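These notes concern the structure reproduced below.
The values are calculated or read from the model by the stated rules, or taken from the named source; none is laboratory data. Computed from a prediction, not measured in an experiment: that's the story for all the values here. All Cβ positions, even for glycine, are placed from backbone atoms using ideal geometry, and neighbour counts span all protein chains on display. These area figures cover heavy atoms from the full protein model, side chains too; ligands, DNA and RNA do not enter into them. Shrake-Rupley method; radii C 1.70, N 1.55, O 1.52, S 1.80 Å.
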Amino acid sequence: MAVEDGVWIMRGLSWNDPYRIRTWQELVNWIDEVGFLPLFSNGVEGFSAEEHVSPDYWWTGIREEDPWEWREIIAASHQVAYGKFFDQKAGFISLKWLPFFANYRRNGYDFDSRYEDGLASRREKKIMDMLTGRDEDGDVTFPDDQILSTELKKKAGFGKGGEKNYPGIITGLQMQTYLVITDFHRRTNKRGDEYGMPVSVLLPPEAVWGYEHVTEAYNESPGESYDRIVTRIRDKFPGADDGDITKLIGRRP
């Protein structure tokens with residue numbers, strides 16, 4: 001996605017191109033093949049969903065053809081992880097590669113340990129406390145009901161007269177893989193009628209895929225996980241510039 005003469009230009013393939021991704025499931029299959037994928041184009045040529053779908057159907061609302069709609073379907077399918085993972089922008093991570101991102105981005109820390117060591121902020125903890133708990137045995141628990149991001153904001157004490165920078169905190173927690181977007185729902189009024197744009201549902205990835213899976217790369221150093229990720233990009237996109245990779249993925253810990 002680029003701006004030319006003040007107009008947003010979407011990149012992509014022609015409708016009749018045999019290599020064009022045609023369905024959300026085809027996109028999931030390609031994410032699994034590549035390992036992880038930004039939603040929109042970036043400095044690494046070809047490394048995005050945008051560049052492999054039709055540029056003509058974004059934001060049409062046609063669920064079968066609109067890649068913007070596909071991201072909602074994919075998030076709810078839980079076949080891959082969806083969230084703001086690449087330079088604070090949206091993208092997907094396959095379940096095979098999620099543990100390596102979690103190990104690298106968290107630097108080997110579960111959130112509670114990060115907070116106890118003074119590496120997480122009070123505002124981050126207020127959000128995470130709304131999405132995790134402990135049972136009487138001390139085991140981590142997660143909400144039974146889905147909480148829309150708009151409700152999470154209120155319940156965690158953000159907004160008018162409260163804590164500031166809710167979008168920035170939420171994005172940061174996704175970049176660290178402590179949160180992922182697991183669904184989208186429209187808000188409802190007092191009569192139960194839906195209104196407005198779809199709103200994201202956020203959860204720790206452990207709530208969806210289990211603690212053992214998400215943390216299974218904790219046995220290697222965060223640097224090793226980072227090297228795996230960077231090597232994967234270089235293998236799949238050999239023309240990628242080191243600076244562009246670092247911008248998307250981050251620096252080696």
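How do the helices (runs of 4 or more DSSP H) wholly within region 142-237 filter down when requiring 1 or more residues that are open to solvent by less than 40 Å² (accessible area, probe 1.4 Å) and more than 28 Å from GLY46 (Cα to Cα): which remain? Talk me through it step by step, then tell me what you get.
Values: elements: 149-155, 166-175, 205-209, 211-214, 222-236.
In region 142-237, 149-155, 166-175, 205-209 are the helices (runs of 4 or more DSSP H) which contain 1 or more residues that are open to solvent by less than 40 Å² (accessible area, probe 1.4 Å) and more than 28 Å from GLY46 (Cα to Cα).
List pairs: first residue in region 57-75 and within 21 Å of TRP8 (Cα to Cα), second residue in a loop (DSSP other than H, G, I, E, B) and among the basic types (Lys, Arg) anywhere in the structure, Cβ distance under 7 angstrom, at least six positions apart or on different chains.
GLU69/ARG63
Select from region 46-105 the residues that are touching an Asp or Glu at 6+ places or on another chain (Cβ under 6 Å), open to solvent by 40 Å² or more (accessible area, probe 1.4 Å) and within 25 Å of TYR19 (Cβ to Cβ) and list them in ascending order.
TYR57, THR60, ARG63
Inside region 106-121, can you point out the residues that are in contact (Cβ under 8 Å) with a residue 12 or more places away in the chain and either open to solvent by less than 30 Å² (accessible area, probe 1.4 Å) or part of a strand (DSSP E or B) (or both)?
Within region 106-121, ARG106, PHE111 qualify.
For region 95-105, give me each residue that is assigned to a loop (DSSP other than H, G, I, E, B) and in contact with a Lys or Arg (Cβ under 9 Å, 6 or more places away or on another chain).
Listed by number, the list holds a single entry, TRP97.
Checking GLU33 against (1) farther than 26 Å from ASP235 by Cα; (2) assigned to a helix (DSSP H, G or I); (3) of a type in the set (Asp, Glu), which test does it fail?
The single condition GLU33 does not satisfy is (1).
For THR215, are the conditions met, namely being closer than 22 Å to GLU72 by Cβ and polar (S, T, N, Q)? Explain how you work it out, then say what you get.
Details: closer than 22 Å to GLU72 by Cβ: no; polar (S, T, N, Q): yes.
Taking the combined requirement at face value, the residue does not satisfy it.
Which count do you get for residues in region 238-253 that are more than 22 Å from ASP110 (Cβ to Cβ), surrounded by 16 or more Cβ atoms within 10 Å (Cβ to Cβ) and not charged (D, E, K, R)?
3
Could you count how many residues in region 72-99 are β-branched (Val, Ile, Thr) and out of contact with any Ser or Thr (no Cβ under 9 Å at 6 or more places or on another chain)?
2
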